[in-house]
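> Please find one structure pasted underneath; my questions will follow.
Only the coordinates and a few stated rules stand behind these numbers; no lab work does. Predicted model only: the values in this text are computed from it and were never measured. Note that each Cβ is placed from the backbone with ideal geometry, even for glycine, and that neighbours are counted across all protein chains shown.
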Amino acid sequence: MKQKNRPVRNRALPGNESILRQLWNDPMGRAGMIGVALIILLAVFAPWIAPYDVAKMNAKAKLTAPNASFWFGTDNFGRDVFSRIVYGARVSLIVGIVAVGIAAGFGYLLGMIAGFFEGRVETVIMMVMDVIFAFPSILLALFIVAALGTSIVNTMIAIGIVNIPVFCRTVRASVKTVKSTDYIANARSIGLKKMSILFRHVTPNVMAPFTVQATLALSGAILTEASMSFLGLGIQPPDPSWGSMLSDARKFMERAPWLVIFPALFIIITILSFNILGDALRDVLDPKLKL
Amino acid sequence: MKNLLEIRNLKITTLRGRETVHLLNQVDLDIRKKCSFGIVGESGCGKSITANAVLGLLPYPLRVSEGSIRYESKNDEMDLLSLDAKALRAVRGREISMIFQEPMTSLDPIFTVEMQMFEALSFHHPEMSRSAMRERALEMLHRVNIPRPEQTLASYPHQLSGGQLQRIMIAIALINDPRLLLADEPTTALDVTIQAQILRLMNDLKEQNDTSIVMITHDLGVIAETCEEVAVFYAGQIVEQADVAAIFHETAHPYTHGLLQAVTSLGGAERKLYTIPGIVPPGGQWSRGCRFADRCSRCMEKCKEMMPALTEVSPGHRCRCFLHSEEAES
């Protein structure tokens, strides 16, 4: 009989130390973590990092090229681009997190119900999800914002709704897999209630794909926000958003390329970091899982 | 009620699209107290769903469409099919428990053995203290011959071997002293030496606890070693039922005969392993005649036209075959 003395390690539960260490040991995971940490630091410490007031216009320094006092230059109102990017990180991150929170919350709930209870409930839920899924996400988000009115809260709600189906599907698929496992059959055979099976056994076992999905959706949400702001239906002035900064910069692209380059660079770094982190997280949590 | 469990005319159906498909019918079984009863048959014969039906664990869209499953509990007699969800949960694990084929996946990978043993205990005994539960868990592990029970309690399933896990599964199944244990191919996934140990363990525990065991298997060797009575399932029906000696020595049904011939043995004559030609017809594709007719070496004309009835060949030995009785199913 084998008696293995491997260290006790809990692979399926996110958030424990060994997972972070595993991520750090993976070069991709490390790059993703550094990128994400950078953006988070920018967002959290924005008031201390940003050298200027984001809304303050400086008529004497319009469209200044990057120099020692304006690192990323200034825009057509003389506002400091670096400060606006720093605060833009805050907007992007908040919108991303809240939107993913909405999407993940509802998606988890609906996916659980659909996967666990099956039958007609599942058919109805999945049909609604398919309908939402059928729209290009940016289009649907624009519809919702157009209906609700433009504000940062509505932007979050719109992006949240658009992202519900991916979570719902991910959760439903994993719930179905977990549900058909022997340990769930076993839990039922010892008399456990449906609800305790759902929360004690099913939920923790679907956490791995769910966490990965959340990381990947975060980058998607940030990108959607940038696109919506670029189209003018996202974050409204004077709040800085990378998307609207790009949009405003279009007219001055030739004279002041830094207005385009820096916001775009930050969007790219952010999206790339979250995606890489998501991929690495997937590899760490479950090497067999391919989303 | 003189039996522990009486299954009458059990019929299980499933939905395939909008069509209702029969998976099991006309199953009558009596499980006596302190008896070990074997159910044998190929995959897809309806063995496992019969056991699942007893505990109300049939997965959607399978359901029991007809019949009754009467069970005599410690102080009451009941029809398991008409119990509400709460009463059924009180039976599960406490009166009747089940162990499954795959010990490697039957425990939740993210909890320790201890937590899962406590879970089984605390659901039926909410008043039990942690130290009492721990004591009980250790006692059970000791009884199923787990070396170093203390260390095992703190282990996660992936740290244990299949044999150990199956012992733990048995310990969990028996932790509330059930009167009936449904063992769904408990040794199929284990290697032969461990298999023998597990079977011996189950036999011992049966003697100690007065627990009846229903052993579901496709291995006649397991049946020979553990069971007193045997029912042979084929395509959702019982085709032969007798005590274990009669099954092996006075085999009546050609299907049972085929199963016996297909048993591998060491030191036997050098011959090619016997196989029954063909496969079990899946539910919904049964002929109106004998369901084994297509694969039977002794098939007659009438076998394809009429379904033979399950009739007594000798006292306590029932068989569904025209070779032994002219009687057809109406």
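> Sort the stretch A:96-142 into rounded, prolate or oblate with this rule: let a ≥ b ≥ c be the square roots of the eigenvalues of the Cα gyration tensor; rounded if a/c is under 1.5, and if a/c is not under 1.5, prolate when a/b is larger than b/c, oblate otherwise.
The shape class here is oblate.
> Something else about it: Can you pull the one-decimal nm distance between simple spin-label points at B:ASP191 and B:LYS34, each 7 Å off the Cα toward Cβ?
The two pseudo-label positions are separated by 3.7 nm.
> Can you figure out the FRET efficiency of B:ALA154 with B:ASP294, using R₀ = 51 Å and their beta-carbon distance, to the nearest 0.05? Display every interim value, and only then the final one.
Working: r = 54 Å, r/R0 = 1.06.
Taking R0 as 51 Å, the efficiency between B:ALA154 and B:ASP294 is 0.40.
> Turning to a different aspect of this structure: Taking the DSSP beta bridges in the protein assembly as shown as the whole, what percent of them are antiparallel, to the nearest 5? Kindly include the intermediate steps, with their values, before the conclusion.
Values: 32 of 51 bridges.
In the protein assembly as shown, approximately 65 percent of DSSP beta bridges are antiparallel ones.
> While we're here: Starting from the Cα-Cα distance between B:ALA90 and B:ALA245, subtract it from 0.36 nm times their residue separation and give me the gain in nm to one decimal.
On the way: separation 155, 0.36 × 155 = 55.80 nm, distance 3.62 nm.
Taking 0.36 nm per residue and subtracting the Cα distance, the gain is 52.2 nm.
> Just counting partner chain Cβ atoms within 10 Å, what average do the residues of peptide A:132-140 show around their Cβ?
Mean partner shielding for this stretch: 0.
> Oh, and also: Could you list, bin by bin from short to long, the percent of Cα-Cα pairs of the stretch B:109-177 in 10 Å steps?
It works out to 23, 60, 17, 0, in whole percents.
> Across the residues of B:292-303, average count of Cβ atoms on other protein chains within 10 Å?
For peptide B:292-303, the averaged partner shielding equals 0.
> What residues have an amide H closer than 5 Å to that of B:ALA231, excluding those fewer than 5 places away on the same chain, when H is modeled at 1.01 Å from N in the peptide plane?
Those lying under 5 Å, H to H, from B:ALA231 are B:GLY38, B:ILE39, B:VAL40.
> Label the stretch B:1-90 by shape, choosing from rounded, prolate and oblate, from the square roots a ≥ b ≥ c of the eigenvalues of the Cα gyration tensor; if a/c is under 1.5 it is rounded, and otherwise prolate applies when a/b is larger than b/c, oblate when it is not.
Because a/c hits 1.5 or more and a/b fails to exceed b/c, the stretch B:1-90 counts as oblate.
> Short version: ³J(HN,Hα) in whole Hz for each residue of the stretch A:224-231, in order, from phi by Karplus 6.51 cos²θ - 1.76 cosθ + 1.60 (θ = phi - 60°), x for Gly and Pro, what are they?
Those phi angles translate into 4, 4, 4, 5, 5, 5, 4, 7 Hz.
> Take chain B, connect every pair of alpha-carbon atoms lying under 10 Å apart with a spring to form a Gaussian network, then pick out the residue of B:CYS227, B:CYS296, B:CYS35 with the largest mean-square fluctuation.
Result: B:CYS296 has the largest fluctuation of those listed.
> What full-extension length gain, to one decimal in nm, is calculated for B:MET128 and B:THR275 as 0.36 nm per residue of separation minus the Cα-Cα distance?
So the extension gain works out to 47.6 nm.
> Applying 1/(1 + (r/R0)^6) with R0 = 45 Å to the Cβ-Cβ distance of B:ARG16 and A:MET28, what FRET efficiency is obtained, to the nearest 0.05?
In this case the efficiency is close to 0.50.
> Same structure, new question: What's the average, rounded to a whole number, of partner chain beta-carbon atoms within 10 Å of each residue's beta-carbon in B:115-123?
If you average over the peptide's residues, the count of other-chain Cβ atoms is 3.
> Counting only helical runs of four or more DSSP H residues, what would the 222 nm mean residue ellipticity of chain B come to if each run contributes -39,500 (n - 2.57) and the total is spread over all its residues?
So the helix-based figure for chain B works out to -8500 deg cm²/dmol.
> Hey, rough spin-label estimate for A:MET195 and A:SER151, points 7 angstrom out along Cα→Cβ, what's it come to in nanometres?
With each label point 7 Å from Cα toward Cβ, the separation is 3.5 nm.
> Suppose R0 equals 56 Å. What FRET efficiency, 1/(1 + (r/R0)^6) with r the Cβ-Cβ distance, do B:ASN9 and A:MET57 give to the nearest 0.05?
The calculated FRET efficiency here is 0.05.
> Could you work out the relative contact order of the stretch A:44-173, using alpha carbon pairs under 8 angstrom and six or more residues apart, expressed as a whole percent?
Value for the stretch A:44-173: 26 percent.
> Hey, another quick one. Counting only C-alpha contacts under 8 Å and six or more residues apart, can you give the relative contact order of chain A as a whole percent?
Value for chain A: 26 percent.
> Within the stretch A:88-121, which residues have the backbone N less than 19 Å from the label spot 7 Å out from A:LEU272 along Cα→beta-carbon, could you tell me?
A:89, A:93
> Sorting check: for A:134-140, A:90-96, B:236-242, which peptide has the highest mean count of neighbouring beta carbons within 10 Å, and how do the rest follow?
The peptides rank, most packed first, as B:236-242, A:90-96, A:134-140.
> Extending each Cα 7 Å along its Cβ direction at B:GLU327 and B:SER65, get the distance between those two points in nm, one decimal.
So the two model labels end up 2.5 nm from each other.
> On to the next question. So which residue, out of A:SER189, A:SER83, A:SER180, gets the largest mean-square fluctuation from a GNM of chain A using Cα contacts under 10 Å as springs?
A:SER189
> What ranking do B:275-284, B:171-180 get when scored by the average of other Cβ atoms within 10 Å per residue, highest first?
Per-residue Cβ counts within 10 Å, averaged per peptide and sorted highest first, yield B:171-180, B:275-284.
> Mean separation of Cα pairs under 8 Å and 6+ residues apart, divided by the residue count of chain B: what relative contact order is that in percent?
Relative contact order here is 20 percent.
> Now a separate question. When chain A is modelled as a GNM with alpha-carbon springs shorter than 10 Å, which of A:ILE269, A:ILE102, A:ILE197 fluctuates the most?
Looking only at A:ILE269, A:ILE102, A:ILE197, the largest GNM fluctuation is found for A:ILE197.
> Among DSSP beta bridges lying fully in chain B, give the percent that are antiparallel, nearest 5.
Values: 31 of 50 bridges.
About 60 percent, rounded to the nearest 5.
> Each residue of the stretch A:271-285 in turn: what ³J(HN,Hα) in whole Hz from Karplus with 6.51, -1.76, 1.60 and θ = phi - 60°, glycine and Pro shown as x?
My calculation for the stretch A:271-285 gives 4, 4, 4, 5, 5, 4, 4, x, 4, 5, 4, 4, 5, 6, 5 Hz in order.
> Under the classification rounded if a/c is under 1.5, otherwise prolate if a/b is larger than b/c and oblate if not, where does the stretch B:236-314 fall, given a ≥ b ≥ c as square roots of the Cα gyration tensor eigenvalues?
Since a/c reaches 1.5 but b/c is at least a/b, the shape of the stretch B:236-314 is classed as oblate.
> Mind listing the phi-derived Karplus ³J(HN,Hα) values for the stretch B:60-77, rounded to whole Hz, using 6.51, -1.76 and 1.60 with θ = phi - 60°, and x for any glycine or proline?
Values per residue, Gly and Pro as x: 4, x, 6, 7, 7, 9, 7, x, 9, 10, 8, 10, 9, 8, 4, 9, 7, 10 Hz.
> Specify the angular offset, from 0 to 90 degrees and rounded to the nearest 10, of the alpha carbon long axis of helix B:113-124 from the longest principal axis of the alpha carbons in chain B.
80 degrees
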